[in-house]
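The values are calculated or read from the model by the stated rules, or taken from the named source; none is laboratory data. No experiment lies behind these values; they were computed from the predicted model shown. Cβ sites come from the backbone with ideal geometry, for glycine too, and all protein chains shown count toward neighbours.
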Amino acid sequence: MKSTTPQLAAHLRGPVTTLATCWAITRRDGAAFRFTDHDRDITVDGQVYRASLGYARTALSSDAALSVDNVDVAGLFDDDAITETDMRAGLFDHAEVRIFLVNWADPAMGVLRLRRGWLGEVLLTETGMFRTELRGLTQALQQQIGQLHSPDCRADLGDARCKVNLAALTQAGEITVLEDRAQFLVAITSGPGRPSGWFDGGVLTWTSGPNAGRATEVRGWDAAAGRLSLYLPPGYAAKVGHTFTVSPGCDKRLATCRDTFGNVLNFRGEPYVPGLDAAMQYPDAT
């Protein structure tokens, strides 16, 4: 059940209302953006909600079920607020969103909270618009909790379960030649030379340029050519001279854990558990 102040509740019961919807976006880096569908800016609790960047949303509905209460929001790009470049760079991925109702004629009446959640999939159009899905709090209840038996390791290389000292294996590098947006010739500037495939599935973290601090997964490493390729291009175009750190990957197989990293005691898989075919066999099976 939603609650609000007595003043706003009385206004909602009146024959004529002066209502507007406001929404606030807080990115994971702490940057905040505030907008309203009213035709003028609204100040609520000392924060200005801008009307210059219009947006449209689907209807909001609530029920007692535990289904995910998604809302679609569409808006225009604006150079001073939400830009296409920032969207493509992933800066708005999983940003927290709060939507509430306010009396634009008297914001001091308080607010009626409508929805809180996180941005989901974002679609960019050629007409200068974005469309995104707001996933409600019940989305978290749809996540699988627990683990299943698997022949491959369920830990990530270097995490608390794996216990491999990943910092000791991380090396610095610099782009020397751009082949395309997701493939470069690089010079590894620290640590020993590594064979082809060493960084496959690893993580590259940019240390300079507009992508600094952002990480992406490595698709392949060709030691002979010095070629490093990524699964996805960085949000902002990389340039010659941009630096990075890169750590090795792990294919999560027992042989790799044992022979490459010498970490078999921390292997988090069950490679010797019989599969479904073995469980379904019977004495005279052919």
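Observations
- Residue that is farthest from ARG116 (Cα to Cα), among those in segment 25-45 that are out of contact with any Asp or Glu (no Cβ under 7 Å at 6 or more places or on another chain) and polar (S, T, N, Q): THR43
- Segment 1-47, residues that are assigned to a loop (DSSP other than H, G, I, E, B) and of a type in the set (Lys, Arg): LYS2, ARG27, ARG28, ARG40
- In summary, ARG258 fulfils each of the numbered conditions (1) loosely packed, with under 15 Cβ neighbours inside 10 Å; (2) in a loop (DSSP other than H, G, I, E, B) with the single exception of condition (2).
- Applying the criterion of at least 2 residues that are modelled with pLDDT under 90 and within 26 Å of GLU217 (Cα to Cα) to the strands (runs of 3 or more DSSP E) found wholly in segment 108-195 leaves 111-124, 129-136.
- Subset of segment 28-50 (residues that are under 24 Å from GLY90 (Cα atoms) and either touching a residue at least 24 places away in the same chain (Cβ under 8 Å) or surrounded by 18 or more Cβ atoms within 10 Å (Cβ to Cβ) (or both)): ARG28, ASP29, ALA31, PHE33, ARG34, PHE35, THR36, TYR49, ARG50
- Candidate set from segment 207-227 (those that are aliphatic (A, V, I, L, M) and part of a strand (DSSP E or B)); member that is farthest from ASP29 (Cα to Cα): VAL218
- Enumeration of residues in segment 231-255 that are farther than 22 Å from ALA155 by Cα and either surrounded by fewer than 16 Cβ atoms within 10 Å (Cβ to Cβ) or modelled with pLDDT of 95 or more (or both): LEU232, PRO233, ALA237, LYS239, VAL240, GLY241, HIS242, THR243, PHE244
- Segment 164-183, residues that are surrounded by 14 or more Cβ atoms within 10 Å (Cβ to Cβ) and out of contact with any Phe, Trp or Tyr (no Cβ under 9 Å at 6 or more places or on another chain): LEU166, THR170, GLN183
- Residue check, ALA224 small (Gly, Ala, Ser) and either in contact (Cβ under 8 Å) with a residue 40 or more places away in the chain or closer than 30 Å to ARG98 by Cα (or both): no
- Filtering segment 263-286 to residues that are in a loop (DSSP other than H, G, I, E, B) and either surrounded by 12 or more Cβ atoms within 10 Å (Cβ to Cβ) or within 32 Å of the chain's Cα centre (by Cα) (or both) leaves ASN263, PHE267, ARG268, GLY269, GLU270, PRO271.
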